[in-house]
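The values are calculated or read from the model by the stated rules, or taken from the named source; none is laboratory data. Everything numeric here is computed off the predicted structure, so don't read it as measured data. Here the Cβ positions follow ideal geometry from the backbone for every residue, glycine too, while neighbour counts run over all protein chains shown. Ligands, DNA and RNA are excluded from the accessible area calculation, which covers all protein heavy atoms including side chains. Shrake-Rupley method; radii C 1.70, N 1.55, O 1.52, S 1.80 Å.
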Amino acid sequence: MLQTLSLFLGIWLLFLLLAIYYLSQAPDGRVGRFRESVSEHLSAESRAKALLREMLSENQYQQLIKFGYLEVPSPSIDNRVYRIPEPLPDGDVVVMHKLMIEANEEEYLQKANHFAPGIISLRCQHL
């Protein structure tokens, strides 16, 4: 019984390894789609982080890392501050919100989600 189980597990492992190899190879010998998509995702994340660093001041970036959100003062309404949450490592989303607020606050308000002050206090150490 133990020998049969060992043989079955060995065959299953061999099949699994062959399936992984097959899926990772493209017909023309290039790296497979799975590897390409992972590589593209990592490249996009690094470009997003670079854009985030470029668009935010050092103080804004440190605030985002420390508190998990970026506060952007309203360009047209005194004492109004927008808090852009960043629970995911998508720096380009933070930059998009910042630029939308600064460029056309009225249109941004029509589309934005509204939260009570202080409702978002996520910590974000992954940037």
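Note on region 52-67: residues that are free of Cβ contacts under 8 Å to residues at least 40 places away in the same chain and among the basic types (Lys, Arg) amount to 1.
Considering the conditions (1) open to solvent by 70 Å² or more (accessible area, probe 1.4 Å); (2) modelled with pLDDT of 90 or more; (3) of a type outside the set (A, V, I, L, M, F, W, C), residue 123 is excluded by exactly one of them, (2).
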